[in-house]
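Reading through the structure tokens given below for one structure.
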Amino acid sequence: PLTEVPDKVFSSGAMGKGIAIDPVKGELIAPADGEITTVFPTGHAIGLTTKDGAEILMHIGMDTVELEGKGFEVFVKQGDQARAGDLLVRFDIEAIKAAGYSVITPIVVTNTDHFADVLELNQEEIIASEDFLAIVK
């Protein structure tokens, strides 16, 4: 649950509703079709806007901006069209952990207030290309 993320900005819901993933594979995969609206220069975060208008922020790890891009390989740029399942970023889990950072990855709908609700599907394990959030219009 997002409430368990070790960062108050995410755990408080200030950024919006969503989930957090503790990745076992160093790949950030597009959760839905949409346009890449933000690519942080350090590669640690990507923003995607779906065709339904959901603005999704995917933030790899906690405080990983401090790594200044080390351990991150970005495969998209702002303005690209992504399809669900596309590889967006490859990241080195072991290098991130060795540098003292968590790899817990929040996936947040930053414009939650534009929808009736954003619901977790309460899965213990997320497999790439499976639904993990439901957005209620």
Read-out Kirkwood radius over Cα pairs in Å, candidates (i) 16.8; (ii) 15.9; (iii) 14.9; calculated match is (iii)
Prolate/oblate/rounded label for segment 77-124 (Cα gyration tensor, a/c 1.5) | oblate
Considering only V74, T50, A30, whose Cα is most displaced toward the positive end of the charge dipole of segment 17-137, charges sitting on Cβ of Lys, Arg (+1) and Asp, Glu (-1)?
-> V74
Rolling a 1.4 angstrom probe over the protein heavy atoms, how many square angstrom per residue are accessible across segment 1-61?
-> 46
Using a 1.4 angstrom probe, figure out how much accessible area segment 65-135 has per residue, in square angstrom, rounded to the nearest whole.
-> 62
Calculate what fraction, in whole %, of the accessible area of the chain sits on carbon and sulfur atoms when a 1.4 Å probe is rolled over the protein chains.
-> 50
Contact order relative to length of the chain, as percent, for alpha carbon pairs under 8 angstrom and 6 or more apart | 31
So which GluC sites (Glu not before Pro) in segment 69-137 pass both tests, a DSSP loop state and at most 12 other Cβ atoms within 10 Å of the Cβ?
-> E124, E125, E130
Here FRET efficiency (C-beta to C-beta, R83 to K8, R₀ 41 Å, nearest 0.05) is 0.75
Could you size up the charge dipole of segment 26-137 around its Cα centre, putting +1 on the beta carbon of Lys and Arg and -1 on that of Asp and Glu, and report it in debye to the nearest 20?
-> 260
Take the Cα atoms of segment 45-86, build their convex hull, and give its volume per residue in Å³.
-> 90
The chain: most fluctuating residue of V108, V24, V89 per GNM, C-alpha cutoff 10 Å | V24
Per the rule of 0.36 nm per residue minus the C-alpha distance, extending T38 to K25 adds in nm 2.4 nm
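The values are calculated or read from the model by the stated rules, or taken from the named source; none is laboratory data. Remember, it's a predicted structure, so these values are computed and weren't measured experimentally. Methodologically, a virtual Cβ is constructed for each residue, glycine included, from the backbone with ideal geometry; neighbour enumeration extends over all protein chains shown. For the accessible areas, the whole protein counts, side chains as well, though only heavy atoms, and no ligand, DNA or RNA atoms are used. Shrake-Rupley method; radii C 1.70, N 1.55, O 1.52, S 1.80 Å.
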